[in-house]
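Reviewing the structure listed below.
The values are calculated or read from the model by the stated rules, or taken from the named source; none is laboratory data. Computed from a predicted model, the values in this text were never measured in an experiment. Cβ: placed from backbone, ideal geometry, glycine included. Neighbour counts: every protein chain shown.
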Amino acid sequence: MSDSKQYDVLIIGAGPGGIFAAYELQEKAPELRVAVFEKGNPLEMRKCPIDGVRVKECVRCDTCAIMSGFGGAGAFSDGKYNITNDFGGTLYEHVGKDEALRLMRYVDDINVRNGGQDTRMFSTAGSEFKKLCLQNRLILLDASVRHLGTDINYVVLQNIYAKLKDRVDFFFRTPIRRLEALKDGFRAHWDGGSADGSKCVVSVGRSGSKWMQTVCEELHIPTKSNRVDIGVRVELPAVIFSHLTDRLYESKIVYRTEKFEDNVRTFCMNPNGIVVNENTNGIVTVNGHSFEDPARKTDNTNFALLVSKHFSEPFKDSNGYGESIARLSNMLGGGVIVQRFGDLERGRRSNVKRIEEGTVRPTLAATPGDLSLVLPKRVLDGIIEMIYALDKIAPGTANDDTLLYGVEVKFYNMEVQLSDDLESNYPGLYIIGDGSGVTHSLSHASASGVYVARKIAESRG
Ligand SMILES: Cc1cc2nc3c(=O)[nH]c(=O)nc-3n(C[C@H](O)[C@H](O)[C@H](O)COP(=O)(O)OP(=O)(O)OC[C@H]3O[C@@H](n4cnc5c(N)ncnc54)[C@H](O)[C@@H]3O)c2cc1C
């Protein structure tokens, strides 16, 4: 008899994918013994040391409190749950478009019942902005978005954890080092222990991408290379975008550049929000947050402008490419670089004086510098073109004082080859959420967790 702890289902990763898998298993198969392994901390112990006073920059903790712990990468996010098949992942390719939307609405319902009841659902449907965008070479994508906000998102996670903690065994600060396939199940190994389960759900997100790659290599699970999105985070006075953000909250807008016919898109819009650092595998990039609490709102809105790079044979390491560019900005700026749009256009770096003289107060302490030394020309040209296109629907976007932070990199996990049940070539091994390459958003990742939990519940016979 092995010393391994015995369970029916092992869940690796306590991000939205893992949490919703555990939640749905408790709903549909409460008799199953479920364990969740998470390399980060419980929610209340997740604390990024950057306080803006004593610690101003990322100190590269062993486990990043922003990316890891109960709630995963989404815990301190803006909590925008986009209900759409147009972006956020390709779950619909496995489960069908209608089912994907049903699953996302089910997740929304759980969030609303667990603290999100007073939050708003926004929709692009029937919006006059679609026409305005089209007239300016811009495409506004369709979506409904529930905006929980960073603060309510936290409350929802607290409430869900309170429901799960007595019914599921949580192992925090327990990075799973190795996943072993047994004759009739799986064994997860951590430093000093292991656990067996007849089924295993792997939901390790972006921060677990390297580990996921190792698992796929060791177990011979086929994968394919994916893409990486590179760009900047734009910060400007909130009034410039308020006609869009008041109505839609988050507008996903795509622009096709004239020069290269590349697609540039807006991503993760944070009205009255703040710009933040993000640490992925030791590389500091930029992201954004916003709060529902009026006291925490700022005068600025921020959003990312991203260009997707897809690679074909022989190059497979799209994330490595994105990391190298982020490393370059870390090398030049010690972290994230900030530049005024006017300085970028004039071919000069920003410095502390120019930023201070500008009218936009940066919400992140970044190093003034020159993004043209970091971003590939084709990416930068696309971003500049899009800023001018956005200026036509939101005049003021192309002002000299608009701030650009770089780099923002959206890493995608390589795509794991999975069946329509999100099961790998090992029966009983499910790979979900952002770690599978199938999803890249809160709602898709959560929906994938619900989906596999139902498959596991059904498979009991
Ligand atoms: C700052 C920020 C803001 C965001 N805002 C939004 C937003 O508003 N809307 C949106 O849709 N998406 C947003 N996202 C993306 C969203 O958070 C992710 O798409 C989502 O969290 C993916 O869920 P997941 O469960 O697949 O992975 P994750 O949330 O990444 O969770 C994976 C978990 O697995 C753990 N883990 C990794 N490896 C191991 C291991 N070996 N052993 C044990 N545990 C492990 C990690 O610590 C982590 O907690 C944001 C992301 C960030 C970083």
*Please work out if Asn277 is under 17 Å from Ile50 (Cβ atoms), within 13 Å of the ligand (Cβ to nearest atom) and touching a residue at least 24 places away in the same chain (Cβ under 8 Å).*
yes
*asked:* Tally up the residues in the range 87-104 that are out of contact with any helix residue (DSSP H, G or I) (no Cβ under 6 Å at 6 or more places or on another chain), assigned to a loop (DSSP other than H, G, I, E, B) and either touching a residue at least 12 places away in the same chain (Cβ under 8 Å) or hydroxyl-bearing (Ser, Thr, Tyr) (or both), please.
replied: 2
*Keeping to the range 185-211, report how many residues are hydrophobic (A, V, I, L, M, F, W, C) and surrounded by fewer than 20 Cβ atoms within 10 Å (Cβ to Cβ).*
1
*Within the range 318-333, identify whether any single residue is of a type in the set (A, V, I, L, M, F, W, C) and closer than 21 Å to Ile253 by Cβ, and answer yes or no.*
no
*Being under 21 Å from the mean Cα position of the chain (by Cα), of a type in the set (A, V, I, L, M, F, W, C) and more than 22 Å from Asp420 (Cα to Cα), is that true of even one residue in the range 13-35?*
yes
*Give the residues of the range 425-446 that are in contact with a Lys or Arg (Cβ under 6 Å, 6 or more places away or on another chain) and either charged (D, E, K, R) or without any contact (Cβ under 8 Å) to a residue 60 or more places away in the chain (or both), sorted by residue number.*
Asp434
_Hey, Leu138 more than 14 Å from the ligand (Cβ to nearest atom), under 26 Å from the mean Cα position of the chain (by Cα) and under 30 Å from Thr257 (Cβ atoms) or not_ = yes
_Every residue from the range 406-436 that is near the ligand (Cβ under 10 Å from one of its atoms), over 11 Å from the mean Cα position of the chain (by Cα) and within 19 Å of Leu306 (Cβ to Cβ)_ = Asn413
_Looking at the range 318-358 only, could you name the residues that are buried (at least 20 other Cβ atoms within 10 Å of the Cβ), in contact with a Gly (Cβ under 8 Å, 6 or more places away or on another chain) and part of a helix (DSSP H, G or I)?_
Ser329, Gly333
*Filter the range 43-86 for residues that are more than 7 Å from the ligand (Cβ to nearest atom), among the acidic types (Asp, Glu) and in a loop (DSSP other than H, G, I, E, B); which is surrounded by the most Cβ atoms within 10 Å (Cβ to Cβ)?*
Glu57
*Name every residue in the range 303-322 that is closer than 30 Å to Gly273 by Cα and in contact with a helix residue (DSSP H, G or I) (Cβ under 7 Å, 6 or more places away or on another chain), in order of residue number.*
Leu305, Val307, Lys309, Asn319
*Go through the residues of the range 22-38 one by one and say whether even a single one is buried (at least 22 other Cβ atoms within 10 Å of the Cβ), of a type outside the set (Val, Ile, Thr) and modelled with pLDDT under 95.*
no
*Just for strands (runs of 3 or more DSSP E) wholly inside the range 140-191: which have at least 2 residues that are modelled with pLDDT under 95?*
144-147
_Step by step: first the residues of the range 212-237, then only those that are within 14 Å of the ligand (Cβ to nearest atom) and assigned to a strand (DSSP E or B), then the one that is modelled with the highest pLDDT. Which residue is that?_
Arg233
*Identity of the residue in the range 183-211, charged (D, E, K, R) and within 21 Å of Gly433 (Cβ to Cβ), that ends up nearest to the ligand (Cβ to nearest atom)*: Arg206
